[in-house]
1. Among rounded, prolate and oblate, which fits region 83-170 when a ≥ b ≥ c are the square roots of the eigenvalues of its C-alpha gyration tensor, a/c under 1.5 means rounded, and a/b larger than b/c means prolate?
2. Can you pull the one-decimal nm distance between simple spin-label points at Ala91 and Asp139, each 7 Å off the Cα toward Cβ?
3. Between Gln2 and Ala45, what is the spin-label point distance in nm, taking each point 7 Å from the Cα along the Cα→C-beta axis?
4. For region 41-59 and region 106-174, what is the centre-to-centre distance using only Cα atoms, to the nearest Å?
5. Counting Lys +1, Arg +1, Asp -1, Glu -1, what net charge surrounds Asn138 among other residues with beta carbon under 12 Å of its beta carbon?
6. What is the percent carbon and sulfur in the accessible area of region 3-163, measuring with a 1.4 Å probe over the protein chains and ignoring ligands?
7. Dipole magnitude of region 95-174 about its Cα centre, charges +1 at Lys/Arg Cβ and -1 at Asp/Glu Cβ only, in debye to the nearest 20?
8. Sequence gap at least 6, Cα distance under 8 Å: using those rules, report the relative contact order of region 3-163 to the nearest whole percent.
Amino acid sequence: MQLAEFNALDPADAAQTVAVWAAVPGWVDALVAARPYASVAALAAYAGELAAVWSRADLDAALAHHPRIGARVTGTGAEAAASRSEQSAMASAADEVAAAIAAGNAAYEERFGRVFLIRAAGRTPEEMLAELERRLHNDDTTEAREATAQLAEIALLRLGTTVLEDEIGPEEQE
Ligand code: 2AL
């Protein structure tokens with residue numbers, strides 16, 4: 001949708017849209033309440049600023065909505081569609097890479113008690129596996145910080161693919 005449409009959505013619809021980017025309730029409410037935005041860049045800047053102070057509880061709230069890397073995503077909603085698109089590189093993962101990610105996911109969940117989260121868009125399966133293996137060695141605080149930063153990257157990418165800059169009307173073009 002274009003920015004003007006996003007600015008004009010009724011609050012419940014706007015909240016539903018923003019919650020797909022990251023299901024962090026306070027963040028969703030703040031972004032909806034601060035409309036209208038003058039540009040997508042202004043929206044993204046505010047979203048990023050608020051995401052920079054996400055807590056571990058915020059991370060846990062949003063993580064409930066993120067499927068494991070390599071899991072088959074079967075839902076029909078906007079979140080499932082976004083996850084499928086972000087993880088599309090996994091479809092061509094070598095069997096041994098997919099198996100190593102599945103084993104790494106299990107080790108991660110055992111170690112940290114939550115799903116391994118990574119911004120998948122733009123990463124190959126091998127890159128995600130390397131990150132998973134690296135992050136398994138993090139201490140709890142470092143890992144919560146890294147996972148939260150990944151959640152913010154995913155949110156900002158989704159924002160950028162959902163809300164497009166308004167087209168310039170004919171009267172404004174030379
Ligand atoms: C995901 C997902 O669904 N999209 C993405 O970028 N990362 N999931 C995950 N567990 O990292």
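1. Verdict is oblate for region 83-170.
2. 4.3
3. Each label point lies 7 Å from its Cα, and together they span 2.3 nm.
4. With region 41-59 and region 106-174 each reduced to a Cα centre, they are spaced 13 Å.
5. With Lys, Arg at +1 and Asp, Glu at -1, the neighbours total -2.
6. Answer for region 3-163 is 56 percent, counting heavy atoms of protein chains only.
7. The dipole of region 95-174 has a size of about 580 debye.
8. Values: 158 pairs, mean separation 45.5, N = 161.
Rounded, it is 28 percent for region 3-163.
The values are calculated or read from the model by the stated rules, or taken from the named source; none is laboratory data. Owing to the predicted nature of the structure, the values given are computational and were not obtained by experimental measurement. So basically every Cβ, Gly included, is an ideal-geometry build from the backbone, and we count neighbours across all protein chains shown. These area figures cover heavy atoms from the full protein model, side chains too; ligands, DNA and RNA do not enter into them. Shrake-Rupley method; radii C 1.70, N 1.55, O 1.52, S 1.80 Å.
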